[in-house]
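The values are calculated or read from the model by the stated rules, or taken from the named source; none is laboratory data. Every value quoted in this text rests on a predicted model; they were computed, and no experiment measured them. Backbone-built Cβ (ideal geometry, glycine too); neighbour counts: all protein chains shown.
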Amino acid sequence: MNLNRTGRVGALCWVAAAPLFLAASLVTGLRWREPTYSWAIHNISDLGNAHCGIWDTTRPRYVCSPWHPLMNAATVVTAVLLATGLLLTWRLLGRGAVVRSAQTLLLAATAGYALAALYPADVDENRHVLGAFLIMGLGNVGLLLAGLAPRATTLGRCRRLTLSAGLVALAGTVLFVAQQGLGLGVGGMERVAVLPFPIWACCLGVLLAEVPADRTRPTRSAVPT
């Protein structure tokens, strides 16, 4: 398989998404004071909350994120990068019902990132929770489904990576919903549920970007002098 220019741009979008999201999470978390931000205790959503105060009746904790606009903006850009990567590599990843279903569910997950960022949990909890469901519910099912793509497809040739990411993500989702941290903390388990998709996309983007460029386009014939 040769990669055309459109596909290469899509692959590069995927490569950029996870580092951007992780960097924004780290930088935004470092701006917390009293309490400091904990990846084990606090949810990812806490970084985007617009107001300071006690949050969450299930696990009450004080949330105050001075740089929440940075986190929310970075999450929207992450959503755009993931969606663009999916759309620009749509035909390259393969054909068939399994591939198309996986792509559709993953595209829904990118909408979830945007929804969660545009509606912070303390501004519109219902829409924020819907965004989380699209990411951890539909998106992780889509990731697992992508791991079942036929081996003849591009997705199928990355089956081990994709299946591993999908299984880890779904396990993390179940444990997070059950509020079980298993030594990572509930906040850490949320990251086990959320991060496999962008990290998988980054890895797949790197693999695709290494594919030779499509050189099938006709070249101009030399004009005799």
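Laid out as a table, the results:
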item: Flag if LEU106 is surrounded by fewer than 23 Cβ atoms within 10 Å (Cβ to Cβ), part of a helix (DSSP H, G or I) and modelled with pLDDT of 95 or more; result: no
item: Scope region 63-108; condition touching a helix residue (DSSP H, G or I) at 6+ places or on another chain (Cβ under 8 Å) and among the small types (Gly, Ala, Ser); matching residues; result: SER65, ALA73, ALA74, ALA79, ALA83, GLY85, GLY94, SER101, ALA102, ALA108
item: Positions within region 18-32 being loosely packed, with under 14 Cβ neighbours inside 10 Å, farther than 14 Å from VAL77 by Cβ and touching a residue at least 12 places away in the same chain (Cβ under 8 Å), in sequence order; result: none
item: Among residues of region 1-42, those that are at pLDDT 95 or above and of a type in the set (S, T, N, Q), counted; result: 2
item: Qualifying position, being in contact with a Cys (Cβ under 9 Å, 6 or more places away or on another chain) and either in contact (Cβ under 8 Å) with a residue 60 or more places away in the chain or among the β-branched types (Val, Ile, Thr) (or both), among VAL76, VAL80; result: VAL80
item: Unique match (being among the aliphatic types (A, V, I, L, M) and in a loop (DSSP other than H, G, I, E, B)) among LEU87, LEU70, LEU93; result: LEU93
item: Failed item, numbered, when LEU163 is tested on (1) modelled with pLDDT of 90 or more; (2) closer than 25 Å to LEU26 by Cα; (3) more than 15 Å from the chain's Cα centre (by Cα); result: (2)
item: Hits in region 157-178 (condition: in contact with a Phe, Trp or Tyr (Cβ under 9 Å, 6 or more places away or on another chain) and either on the phi > 0 side of the Ramachandran plot or β-branched (Val, Ile, Thr) (or both)); result: THR162
item: Some residue of region 156-167 being under 22 Å from VAL206 (Cα atoms), in a loop (DSSP other than H, G, I, E, B) and touching a residue at least 24 places away in the same chain (Cβ under 8 Å); result: yes
item: Filter result (closer than 12 Å to THR28 by Cα, in a loop (DSSP other than H, G, I, E, B) and in contact (Cβ under 8 Å) with a residue 40 or more places away in the chain) within region 45-67; result: ASN49, TRP67
item: Only listed residue being closer than 19 Å to ALA18 by Cα and either polar (S, T, N, Q) or at pLDDT 95 or above (or both), chosen from ALA146, ALA111; result: ALA111
item: Total residues in region 121-143, condition of a type in the set (A, V, I, L, M) and buried (at least 20 other Cβ atoms within 10 Å of the Cβ); result: 7
item: ALA111 vs. criteria buried (at least 16 other Cβ atoms within 10 Å of the Cβ) and either of a type outside the set (A, V, I, L, M, F, W, C) or touching a helix residue (DSSP H, G or I) at 6+ places or on another chain (Cβ under 9 Å) (or both); result: yes
